[in-house]
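Some notes on the structure that comes next.
The values are calculated or read from the model by the stated rules, or taken from the named source; none is laboratory data. Not measured: the values here are computed from a predicted model. Methodologically, a virtual Cβ is constructed for each residue, glycine included, from the backbone with ideal geometry; neighbour enumeration extends over all protein chains shown.
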Amino acid sequence: MLAKGRKASGRGEAVAPNYAFGPLEDDVIIKHRLLTRTTTTTRGEPPLKKLQKKFTSLFVELDKNEDNFTDCDRLAKAFLQVLNTFEIPLLKSKAVVDANLREKHNFDELREEINRQIVQAKTDIQILKKQLEFQFAYLHVLFNAISS
């Protein structure tokens, strides 16, 4: 059964792809997800905001010009830990995007091959059609020669 609102293509009609959002909106959507995504490791706080806080606190402490090596070390470790937890989902997302790009490339190659085969089949049909017309004309001449 067809999805509601979608019209089945008739013979020779092409159906344009229907995307939920356009390529121009991708960056906006990705940025919004990065800013608002929450995970259980951040206790409800968006990961990018938590990363920004850790970064800011580390560099505020570094700018104090005091002998606060232990505080700086502790803050640096906390920042690197948050950075690591922020990086893991991004690496997973990158792996998914890379896999999707490879799959799209494979589908594009397959579509090109199918289109090439369609063009070849149409050419073959035209050649066979001309051969059939020639044979029909030959049989017609032969039939007229026998009939007379």
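For the condition assigned to a helix (DSSP H, G or I) and in contact with a helix residue (DSSP H, G or I) (Cβ under 8 Å, 6 or more places away or on another chain), what is the one hit in 129, 49, 94, 104?
Numbers: 129 fails: in contact with a helix residue (DSSP H, G or I) (Cβ under 8 Å, 6 or more places away or on another chain); 94 fails: in contact with a helix residue (DSSP H, G or I) (Cβ under 8 Å, 6 or more places away or on another chain); 104 fails: in contact with a helix residue (DSSP H, G or I) (Cβ under 8 Å, 6 or more places away or on another chain).
Of 129, 49, 94, 104, the one residue that is assigned to a helix (DSSP H, G or I) and in contact with a helix residue (DSSP H, G or I) (Cβ under 8 Å, 6 or more places away or on another chain) is 49.
Can you pull out the residues in the range 60-77 that are exposed (fewer than 14 other Cβ atoms within 10 Å of the Cβ) and either under 42 Å from the mean Cα position of the chain (by Cα) or aromatic (Phe, Trp, Tyr) (or both)?
60, 69, 73, 74, 77, listed by residue number.
Could you figure out which of (1) out of contact with any helix residue (DSSP H, G or I) (no Cβ under 6 Å at 6 or more places or on another chain); (2) modelled with pLDDT of 85 or more isn't true of residue 75?
The one condition residue 75 does not meet is (1).
May I ask you to verify whether residue 108 is out of contact with any strand residue (DSSP E or B) (no Cβ under 6 Å at 6 or more places or on another chain) and more than 30 Å from residue 30 (Cα to Cα)? Don't jump to the end; show me each part of the working.
Numbers: out of contact with any strand residue (DSSP E or B) (no Cβ under 6 Å at 6 or more places or on another chain): yes; more than 30 Å from residue 30 (Cα to Cα): no.
Spelling it out, it is not the case that residue 108 is out of contact with any strand residue (DSSP E or B) (no Cβ under 6 Å at 6 or more places or on another chain) and more than 30 Å from residue 30 (Cα to Cα).
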